[in-house]
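Visitor: I'd like to ask some things about the structure below.
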Amino acid sequence: MSVEPENRHHPRLEGKVIIVTGAGSGIGKATTELFQQHGATVIAADLTGADHRADAGNEEDIVRLVSMAREQHGALHGFFANAGISGGLASIFEQTVEDWQEILRVNLIGPFLAIKHAAPVIKEQGAGSIICTASVAGLRSGAGGPAYSASKAGVISLVKTAAQQLAGSNVRVNAICPGLIETGMTEFVYERARAKGQEDRLGHLNPLRRGGVPREIAQAALFLASDESSYVNGHALVVDGGLSSSHPFNRQDYGRTAI
Ligand code: NAD
């Protein structure tokens, strides 16, 4: 199986200026590279490891990134609000109000600020796309800690409301819900499995029976950022190998399914 894209066709983001947060690692880094390969000018922002230092949950930093796009590149066509923190797998009874405030600040207020400040500037170009990274953790429990899951459910709700409140603007707002992807955030899961010799169990609950790689989320972001998704709006696109397509069930109850 190859997850490498076919890039022989035309660049899909030629001439577009797009801000990416969380661009220093994992999904944001892979998406920055793919967007650039497709002709975009990317303003890559992160706390560390990217060209521009910015805190995705800080309003002044987001305003500065949007101004930079306009002043240095003359336009803004897209925003990938992707920065996120997990906060670990502590339970409701272990997490503090401070834990919740910080996780919601980065994961949910971050996308809110991106939409609030980028949408009016994108609208000036006539059309554009805002993409927020949610998670399968926002669909149901069991894929992250309580504050993380609530923050990602909030992102799914936010893109739907934003799409409506941007009616008539030609600015589309969508979310991506990744499943298990090997990045800095999930490094401990992968390391633990490898240390136990159980790497083959990673992602084994989904029908593709493997974890994903950042490039596979970048490909979904590329579609949503490009004009190819011109009629996709207010949607949460699940990219999880099929993990969330089922309730937990006992395969033995379903007869022979292997082919
Ligand atoms: P990652 O840790 O590799 O990358 C996240 C990046 O965000 C890091 O570079 C980090 O420095 C940056 N960041 C954190 N807080 C920030 C802030 N306040 N301002 C700016 N940058 C900040 O992890 P990743 O998996 O690539 O995470 C990207 C997004 O994908 C996150 O929103 C995460 O919740 C989401 N996600 C990841 C998975 C997965 O399995 N890896 C699954 C579902 C959703």
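The values are calculated or read from the model by the stated rules, or taken from the named source; none is laboratory data. On a predicted model such as this, the values are computed, not experimentally measured, just so you know. Note: ideal-geometry Cβ built from the backbone for every residue, glycine included; neighbour counts use all protein chains shown. For accessibility, only protein heavy atoms count, side chains too; no ligands or nucleic acids. Shrake-Rupley method; radii C 1.70, N 1.55, O 1.52, S 1.80 Å.
Visitor: Given the criteria open to solvent by less than 60 Å² (accessible area, probe 1.4 Å) and charged (D, E, K, R), does residue 16 qualify?
Guide: So residue 16 passes the test.
Visitor: Tell me which of these residue 102 doesn't satisfy, since it passes every other one: (1) under 26 Å from residue 218 (Cβ atoms); (2) part of a helix (DSSP H, G or I); (3) open to solvent by 10 Å² or more (accessible area, probe 1.4 Å); (4) touching a residue at least 12 places away in the same chain (Cβ under 8 Å).
Guide: (1)
Visitor: Sticking with this structure for a sec: Being of a type in the set (Val, Ile, Thr), at pLDDT 95 or above, open to solvent by less than 70 Å² (accessible area, probe 1.4 Å) and within 16 Å of the ligand (Cβ to nearest atom) is the requirement here; does residue 109 meet it?
Guide: Criteria not met by residue 109.
Visitor: For the list (1) surrounded by fewer than 17 Cβ atoms within 10 Å (Cβ to Cβ); (2) within 23 Å of residue 10 (Cβ to Cβ), I need the number of the one condition that residue 229 fails.
Guide: Answer for residue 229: the failing condition is (1).
Visitor: Quick one: in region 125-140, which of the residues that are open to solvent by 40 Å² or more (accessible area, probe 1.4 Å) and at pLDDT 95 or above is nearest to the ligand (Cβ to nearest atom)?
Guide: Looking at residues that are open to solvent by 40 Å² or more (accessible area, probe 1.4 Å) and at pLDDT 95 or above, I get 139.
Visitor: Identify all residues within region 155-180 that are part of a helix (DSSP H, G or I) and within 12 Å of the ligand (Cβ to nearest atom); write none if there are none.
Guide: 155, 156
Visitor: Of the conditions (1) within 29 Å of residue 125 (Cα to Cα); (2) more than 15 Å from the chain's Cα centre (by Cα); (3) part of a helix (DSSP H, G or I), residue 192 clears all except one; give me its number.
Guide: Here residue 192 meets the rest and fails (1).
Visitor: Is there any pair with a first residue in region 221-238 that is over 20 Å from residue 17 (Cβ atoms) and a second that is outside any helix (DSSP H, G or I) and open to solvent by 10 Å² or more (accessible area, probe 1.4 Å) whose Cβ atoms are under 6 Å apart and which are 6 or more apart or on different chains, and what are they?
Guide: 233/172
Visitor: Among the residues of region 220-251, which ones are part of a loop (DSSP other than H, G, I, E, B), modelled with pLDDT of 95 or more and out of contact with any Gly (no Cβ under 8 Å at 6 or more places or on another chain)?
Guide: Our first condition is that a residue be part of a loop (DSSP other than H, G, I, E, B); within region 220-251, this holds for 226, 230-235, 240-242, 246-250.
With the extra rule that they be modelled with pLDDT of 95 or more, the set shrinks to 226, 230-235, 240-242.
226, 230, 231, 232, 233, 234, 235, 242, listed by residue number.
Visitor: Checking residue 185 against (1) open to solvent by 10 Å² or more (accessible area, probe 1.4 Å); (2) part of a helix (DSSP H, G or I); (3) closer than 24 Å to residue 24 by Cα; (4) within 16 Å of the ligand (Cβ to nearest atom), only one condition comes out false. Which one?
Guide: In the conditions (1) open to solvent by 10 Å² or more (accessible area, probe 1.4 Å); (2) part of a helix (DSSP H, G or I); (3) closer than 24 Å to residue 24 by Cα; (4) within 16 Å of the ligand (Cβ to nearest atom), residue 185 misses (2) alone.
Visitor: Would you tally the residues in region 232-246 being open to solvent by less than 40 Å² (accessible area, probe 1.4 Å), under 17 Å from residue 157 (Cα atoms) and not aliphatic (A, V, I, L, M)? Show your work before the answer.
Guide: If we filter region 232-246 for residues that are open to solvent by less than 40 Å² (accessible area, probe 1.4 Å), which is where we start, we get 232, 234, 236, 239-242, 244.
Subset that is under 17 Å from residue 157 (Cα atoms): 232, 234, 236.
This time we only want the ones that are not aliphatic (A, V, I, L, M), so: 234.
The qualifying residues number 1.
Visitor: Now for a different question. Pick out the one residue from 215, 201, 192 that is charged (D, E, K, R) and touching a residue at least 60 places away in the same chain (Cβ under 8 Å).
Guide: Result of the check over 215, 201, 192: 215.
Visitor: Which residues, taken from region 60-96, are open to solvent by 80 Å² or more (accessible area, probe 1.4 Å) and among the acidic types (Asp, Glu)?
Guide: Correct list: 60, 71, 94.
Visitor: When region 155-178 is examined, which residues are found to be of a type in the set (Gly, Ala, Ser) and open to solvent by 20 Å² or more (accessible area, probe 1.4 Å)?
Guide: If the condition is that a residue be of a type in the set (Gly, Ala, Ser) and open to solvent by 20 Å² or more (accessible area, probe 1.4 Å), then 157, 167, 168 are the ones that fit.
Visitor: Among the candidates 209, 215, which residue alone is in a helix (DSSP H, G or I) and either more than 10 Å from the ligand (Cβ to nearest atom) or in contact with a Lys or Arg (Cβ under 7 Å, 6 or more places away or on another chain) (or both)?
Guide: Values: 209 fails: in a helix (DSSP H, G or I).
Exactly one of 209, 215 is in a helix (DSSP H, G or I) and either more than 10 Å from the ligand (Cβ to nearest atom) or in contact with a Lys or Arg (Cβ under 7 Å, 6 or more places away or on another chain) (or both), namely 215.
Visitor: Here's another thing I want to ask about it. So, residue 157, is that one free of Cβ contacts under 8 Å to residues at least 12 places away in the same chain and out of contact with any helix residue (DSSP H, G or I) (no Cβ under 8 Å at 6 or more places or on another chain) or not? Before you say what the answer is, go through the steps one by one.
Guide: Details: free of Cβ contacts under 8 Å to residues at least 12 places away in the same chain: yes; out of contact with any helix residue (DSSP H, G or I) (no Cβ under 8 Å at 6 or more places or on another chain): yes.
For residue 157, the condition - free of Cβ contacts under 8 Å to residues at least 12 places away in the same chain and out of contact with any helix residue (DSSP H, G or I) (no Cβ under 8 Å at 6 or more places or on another chain) - is met.
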